[in-house]
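What follows is a single structure, written as structure tokens, with notes after it.
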Amino acid sequence: MADKSQVCSVWVGSETGILKGVSLSKKQAFNFCEMSCLSRDQEVCVLGWGDEHETEVLVGSVNGTVKTFSTEKGIFTETRQCGESTQGRFTGIAVTDSALITCVETGLLRVWKEGSTDTVEINAGTNVCRMRQNPSQRNQVATGGKENGLKVWDLERPETPIFTSKNVRNDWLDMRVPEWVRDMSFIPDSDKIVTCTGHHQVRVYDPASPQRRPVLEAHFGEYPLTALSLPANQDSVVVGNTHGELAILDLRKGLVRGCLKGLAGGVRGLQCHPSLPLVATCGLDRFLRVHSLEDRSLQHKVYLKSRLNCVLLSSKDLELSSSAVTGDVEEVKEEGGEVDEVWDTMEMINDQAKKRATDEEEAIVTGVEKTMKKRKVVK
Amino acid sequence: HLQDPPEHVDAPAEFSFPPTFSVSEIKNKQRRHLMFMKLKQEKRKQKVAIKKKKKKERDALGDKAPPKEVPKTIENQRVYDETTVNPEDEEVAFDEGTDEFSAYFNRLTNPKVLITTSDRPRGRTVRFCNQLATVIPDAHVYYRRGLALKKVIPQCIARGFTYLMVINEDRKVPNGMVLCHLPDGPTAHFKVSSVRLRKEMKRRGKDPTEHSPEVILNNFTTRLGHSMGRLFAALFPHDPQFVGRQVATFHNQRDFIFFRFHRYIFKNEKRVGIQELGPRFTLKLRSLQKGTFDSKFGEYEWVLKRHENDVCRRRFNL
């Protein structure tokens, strides 16, 4: 069990309550659960890293329990009861300095401290769809939901949010635009937050600017956007909707840069790799797919028999294996060898042919061109 | 001058000289037609000659002849789908045991179907709905009256219906079906084609009786196919009344689901006679949505994306 979990680079939570670990380098998926005590109320709602070194996975279930899974040992080490199923499903889970932050659909955001049973509680409104933590400032969290705009909370001042967004102006019929924040993300190196809504809009908010309305608004598709993630370097965002359409949007102008194909069901979980240009998606069609962001091609597709709710990528290199590294080194050596051979043949020719040869040498060294040079030599 | 080294030859070694002309280059239509007919006859003769030769060889070898080759069909060449359900798979068994249809399969509810149409249906659709209601036991046909489905659904749940079937009509012909499993079950949207009503059936028997039919589900192999199979099975009561000798068949081939309704009679132990009664139609799944009917904000479990299916002719989903 331990060796299986150490190899896994992608963790997926399913509706049947099973935590699945997928190793893309070995192309295998493993179920981490006990088959005898499966039930639907253990359905995984949220997944999160328990610590900075990504050795623990926190699994939040519908019945209100948060289980800690250790990737090194391969077993569930701890179970905590963080609320009941009557309070709604978990919509977000995060960890700061040994305190666990959980948020449920009814808007109750709680900070569970180690050791003590009392919690710091924040009421984030009703119908919260998602809660996310700021990766650079660990005590800031953002919440948003249906008819519940984006609010950024500082956990040290739980009474009022530090930023409340305002809805956009009335539309051209002078009617109030409905708002439904489905997912949000903090843009690194700045204060801005990008959200995606159930009315197929992607909005960027800037708490540093005086306006509480969105700074940028972009539209994609006609179906609710369910998940959002920011890739490693560029100022773009990847969104997915209920029809299985994934798109990369540019945040400078708000235009669609491209779509990723392959998904047949609604996107439930989406995460970009922290350093590589890869994005992992899981959804209702029971597949985990990894796409490359540069050429938008499908790299991996894994069938995991239950409907999938959330995905968690580890920061380690997804296809790291020693054989791949040595393969690259060998190829470089071979190319060096070819060039040497060409140089050897060059020295035997007279000056005229040499000049021509040096001109051609700048082109890519391939077998065909070697013979071409030989032809001119024969002349 | 330059001699081509042998490894550098790209053009084929033999080429016909002078180049042959093809039949399509003749400008005169009659002459072209004649040449084409001649070409076809030549080809047919060659084909017959090859067949004869093969048959001769086969007869000459007698018992030692190699077995006859099975012709390739698209079904034979079907690309293996990784979502094909393995009967011993525990996870899939658990998933199916606790999904939205588990109430029916655990015998906690009996099916009760509400059949309706899109607004202002024409004669053919109305007759189709009435015939469907005779085929499905405990089915009730209601006139749509322009009501919104989202408002109809809570009322159906309150009255104990388990299925809502809406036949969509276009240009006086039924062309779509929305099948919604009621308490909170999946909604399937189908394209309906080739609808044949009872009077158009050849050699049909008398009208179906009130007995519950048996249900045959053919070729639903993948995970999505399993869900569809359960969706159709839950339309009919659990225990078929064998006295009635009626059977409803849902046959899946190449992602098209063919519905047939027959009455059978066993003439002796090995031979059965069947009479087709009832309507016949074909369905093609367009989308399967989790939850009751909500096309704008619902989450889709599977959506038919036509251009992605066109990539490989031998890959099917059901």
Assess whether residue B:218 counts as being open to solvent by 10 Å² or more (accessible area, probe 1.4 Å), closer than 23 Å to residue B:101 by Cβ and either modelled with pLDDT of 95 or more or within 21 Å of the chain's Cα centre (by Cα) (or both).
-> yes
Considering (1) touching a residue at least 24 places away in the same chain (Cβ under 8 Å); (2) on the phi > 0 side of the Ramachandran plot, say which one residue A:286 fails and leave the rest.
-> (1)
Report yes if some residue within the stretch A:274-285 is more than 24 Å from residue B:82 (Cα to Cα), open to solvent by 10 Å² or more (accessible area, probe 1.4 Å), of a type outside the set (Lys, Arg) and over 13 Å from the mean Cα position of the chain (by Cα); otherwise report no.
-> no
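What do you reckon, is residue A:257 within 14 Å of another protein chain (Cβ to nearest Cβ), in a strand (DSSP E or B) and either open to solvent by 10 Å² or more (accessible area, probe 1.4 Å) or not small (Gly, Ala, Ser) (or both)? Let's see the steps before the verdict.
Values: within 14 Å of another protein chain (Cβ to nearest Cβ): no; in a strand (DSSP E or B): yes; either open to solvent by 10 Å² or more (accessible area, probe 1.4 Å) or not small (Gly, Ala, Ser) (or both): yes.
Criteria not met by residue A:257.
Going through the stretch A:27-79 one residue at a time, which ones are among the aromatic types (Phe, Trp, Tyr) and within 13 Å of another protein chain (Cβ to nearest Cβ)? Walk me through it before giving the result.
Going residue by residue through the stretch A:27-79, those that are among the aromatic types (Phe, Trp, Tyr) are A:30, A:32, A:49, A:69, A:76.
If the condition is that a residue be among the aromatic types (Phe, Trp, Tyr) and within 13 Å of another protein chain (Cβ to nearest Cβ), then A:30, A:32 are the ones that fit.
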Quick count over the stretch A:77-106, residues being among the hydrophobic types (A, V, I, L, M, F, W, C), in contact (Cβ under 8 Å) with a residue 40 or more places away in the chain and either open to solvent by 20 Å² or more (accessible area, probe 1.4 Å) or not in a strand (DSSP E or B) (or both), is 2
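Does the stretch A:28-47 contain any residue that is within 29 Å of residue A:154 (Cβ to Cβ) and among the aromatic types (Phe, Trp, Tyr)?
The initial filter retains those residues of the stretch A:28-47 that are within 29 Å of residue A:154 (Cβ to Cβ), namely A:44-47.
With the extra rule that they be among the aromatic types (Phe, Trp, Tyr), the set shrinks to none.
Within the stretch A:28-47, none of the residues are within 29 Å of residue A:154 (Cβ to Cβ) and among the aromatic types (Phe, Trp, Tyr).
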Select from the stretch A:216-247 the residues that are in contact with a Gly (Cβ under 6 Å, 6 or more places away or on another chain), away from chain B (no Cβ under 14 Å) and open to solvent by 10 Å² or more (accessible area, probe 1.4 Å) and list them in ascending order.
-> A:216
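What about residue A:43, is it in contact (Cβ under 8 Å) with a residue 60 or more places away in the chain and over 20 Å from the mean Cα position of the chain (by Cα)?
On the way: in contact (Cβ under 8 Å) with a residue 60 or more places away in the chain: yes; over 20 Å from the mean Cα position of the chain (by Cα): yes.
The answer is yes for residue A:43.
Identify all residues within the stretch A:286-307 that are part of a strand (DSSP E or B) and open to solvent by 10 Å² or more (accessible area, probe 1.4 Å); write none if there are none.
Residues of the stretch A:286-307 that are part of a strand (DSSP E or B), as a first pass: A:287-292, A:298-303.
Correct list: A:287, A:289, A:298, A:299, A:300, A:301, A:302, A:303.
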Does any residue of the stretch B:227-234 turn out to be closer than 21 Å to residue B:114 by Cα, within 14 Å of chain A (Cβ to nearest Cβ) and touching a Pro at 6+ places or on another chain (Cβ under 8 Å)?
-> yes
Taking strands (runs of 3 or more DSSP E) that do not extend beyond the stretch A:107-146, which have at least 2 residues that are closer than 17 Å to residue A:229 by Cβ?
-> A:128-133, A:140-145
Wholly within the stretch B:75-173, which helices (runs of 4 or more DSSP H) include no fewer than the required count, namely at least 3 residues that are open to solvent by 80 Å² or more (accessible area, probe 1.4 Å) and either under 30 Å from residue B:253 (Cβ atoms) or of a type outside the set (Val, Ile, Thr) (or both)?
-> B:149-158
What number of residues within the stretch A:107-133 are modelled with pLDDT under 90 and on the phi < 0 side of the Ramachandran plot?
-> 17
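For the structure I just gave you, tell me whether residue B:288 is in contact (Cβ under 8 Å) with a residue 40 or more places away in the chain, on the phi < 0 side of the Ramachandran plot and more than 14 Å from chain A (Cβ to nearest Cβ).
Answer is no for this residue.
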Selection status of residue B:238, out of contact with any strand residue (DSSP E or B) (no Cβ under 7 Å at 6 or more places or on another chain) and either within 14 Å of another protein chain (Cβ to nearest Cβ) or in a strand (DSSP E or B) (or both) = no
All-but-one check, residue B:191 against (1) open to solvent by 70 Å² or more (accessible area, probe 1.4 Å); (2) farther than 24 Å from residue B:298 by Cα, failing number (2)
Here are A:293, A:270, A:312, A:298: which of them is modelled with pLDDT of 90 or more and within 13 Å of chain B (Cβ to nearest Cβ)?
-> A:298
When restricted to B:311, B:303, B:243, the only residue surrounded by fewer than 13 Cβ atoms within 10 Å (Cβ to Cβ), among the hydrophobic types (A, V, I, L, M, F, W, C) and under 26 Å from residue A:283 (Cα atoms) is B:311
Answer yes or no: is there a residue in the stretch B:193-214 that is modelled with pLDDT of 95 or more, under 30 Å from residue A:264 (Cα atoms) and not hydrophobic (A, V, I, L, M, F, W, C).
-> no
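Between A:244, A:265, A:269, which is touching a strand residue (DSSP E or B) at 6+ places or on another chain (Cβ under 9 Å) and assigned to a strand (DSSP E or B)? Explain how you work it out, then say what you get.
Numbers: A:244 fails: assigned to a strand (DSSP E or B); A:265 fails: assigned to a strand (DSSP E or B).
Among A:244, A:265, A:269, only A:269 is touching a strand residue (DSSP E or B) at 6+ places or on another chain (Cβ under 9 Å) and assigned to a strand (DSSP E or B).
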Tell me, please, whether a residue that is within 14 Å of chain B (Cβ to nearest Cβ), in contact with a Gly (Cβ under 6 Å, 6 or more places away or on another chain), surrounded by 14 or more Cβ atoms within 10 Å (Cβ to Cβ) and under 29 Å from residue A:110 (Cβ atoms) can be found in the stretch A:189-208.
-> no
For the stretch B:58-92, enumerate the residues that are free of Cβ contacts under 8 Å to residues at least 40 places away in the same chain and either within 25 Å of residue A:289 (Cβ to Cβ) or in contact with a Ser or Thr (Cβ under 9 Å, 6 or more places away or on another chain) (or both).
-> B:80, B:82, B:86, B:89, B:90, B:91
Number of the condition not met by residue B:316 [criteria: (1) within 14 Å of another protein chain (Cβ to nearest Cβ); (2) touching a strand residue (DSSP E or B) at 6+ places or on another chain (Cβ under 6 Å)] = (2)
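Surrounded by fewer than 15 Cβ atoms within 10 Å (Cβ to Cβ) and not hydroxyl-bearing (Ser, Thr, Tyr): is that true of residue B:267 in this structure?
yes
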Subset of the stretch A:168-188 (residues that are more than 15 Å from residue A:229 (Cβ to Cβ), open to solvent by 40 Å² or more (accessible area, probe 1.4 Å) and touching a residue at least 40 places away in the same chain (Cβ under 8 Å)) = A:169
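The values are calculated or read from the model by the stated rules, or taken from the named source; none is laboratory data. From a predicted model like this one, the values you see are computed outputs, not experimental measurements. Counting neighbours? That spans all protein chains shown, and the Cβs are built from the backbone with ideal geometry, glycine included. Surface areas here come from the heavy atoms of the whole protein model, side chains and all, with no ligands, DNA or RNA. Shrake-Rupley method; radii C 1.70, N 1.55, O 1.52, S 1.80 Å.
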